[in-house]
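Take a look at the structure set out below.
Coordinate-derived values only; no laboratory data. Here the structure is a predicted model, which is why all the values come from computation and not from measurement. Here the Cβ is made from the backbone with ideal geometry for all residues, glycine too, and neighbour counts use every protein chain on show.
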Amino acid sequence: MSLFQKAAFYTTVAHLRDLPPESRREVAFAGRSNAGKSSAINVLANQTRLAFVSKTPGRTQNLNYFSLGDDRFFVDLPGYGYAKAPKDIRAQWEGLLAPYLIYRNPLVGLVLIMDSRRPLTDLDQRMIGWFSQTGKPIHILLTKADKLTRRERAETMTKVNAAFMEMKIGASVQFFSSLKREGIAEAEEKLCEWLEIANEPRAATASENSGKLEKTPTPRVARQKNRSAKGWSARAK
Ligand code: GDP
């Protein structure tokens, strides 16, 4: 059984003071509303309804924690981009999301979900801007890849890579399709690496294998320096 298939809802956090103790490594999933975050989480967990827990009333603006076996968490962050007024967006981002992303010690990496047809919206870029200050890694899932032709994929990958180069940010990028179950093995590999957990890969299907696409080159040296400066890997279990 692979890591994510042991996932279970743990708690929902509306205020920073309610965050769980900093004793377990965690990864966070972020993305614009409707980008396909819940579907991606459900496919990774192989559970059809898991991430919809985060979409139940009272939880949509919260950080929703799911426990994995082996003392690890993943955190489903509120989808952004559809808040009613700019004031609401500011309050949500400034009050909870930004400090969580910037200061949460056990957070070891951010999975950013972007619709492959509309990558790098303004809010995505703001999210990347905050998180990149930490020096921790970012992995991009370009979702709904089943909607792109081969040529559109190549163009999208080039565009996204170029944008990261311009922002001087190292991120790994892959295509993902919850519908076609494409890209699962590659995403799992990254998550297990971050969480320092041995992956027990499920048998990859042909479509999962075909999801293995080019990644953005990662500036490992710069990142290593940042990590030790923050001491996050020593602090997280
Ligand atoms: P969230 O708001 O980011 O959690 O997005 P959801 O996971 O709820 O998905 C939003 C919409 O996109 C739904 O209608 C999904 O059926 C659709 N969707 C999600 N993933 C995929 C995918 O891989 N391929 C296609 N074609 N549609 C998808």
**Prompt:** If we count other beta carbons within 10 Å of each Cβ, what is the order of V108, V75, V53, fewest first?
**Reply:** V53, V108, V75
**Complete:** Stretched fully, the stretch from Q92 through A14 gains (0.36 nm per residue minus C-alpha distance, one decimal, in nm) 27.1 nm
**Hz values of 3J(HN,Hα) by residue in the stretch 89-100 - Karplus curve (6.51, -1.76, 1.60), Gly and Pro given as x** = 4, 4, 4, 5, 6, 6, x, 10, 5, 5, x, 4
**Request:** At 0.36 nm per residue, minus the direct Cα-Cα distance, what do R49 and L123 gain on full extension? Give it in nm, one decimal, please.
**Result:** 24.0 nm
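Please tell me which of these pairs span more than 25 angstrom C-alpha to C-alpha: K6/K180; K87/K147; K87/K159; K136/K190; K159/K190?
K87/K147; K87/K159
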**Fill in**
A correct Karplus calculation of ³J(HN,Hα) over the stretch 117-127, with 6.51 cos²θ - 1.76 cosθ + 1.60, θ = phi - 60°, whole Hz and x for Gly and Pro, returns 8, 9, x, 6, 5, 4, 5, 4, 5, 5, 4
**Request:** Pop out the ³J(HN,Hα) list for the stretch 143-151 in order, Karplus 6.51 cos²θ - 1.76 cosθ + 1.60 with θ = phi - 60°, rounded to Hz; leave Gly and Pro as x.
**Result:** 7, 6, 4, 5, 8, 9, 6, 4, 5
**Request:** Please order W194, W130 by the number of other Cβ within 10 Å, starting at the fewest.
**Result:** W130, W194
**Asked** Which aspartates and glutamates does K55 reach when only Cα atoms under 17 Å apart count, and residues fewer than 8 places away in its own chain are ignored?
**Response** D76
**Asked** Tell me, what is the FRET efficiency for I102 and E155 to the nearest 0.05, using R0 = 45 angstrom and their Cβ-Cβ distance as r?
**Response** 0.85
**Asked** If you rank H15, H139 by fewest surrounding Cβ atoms within 10 Å, what's the result?
**Response** H15, H139
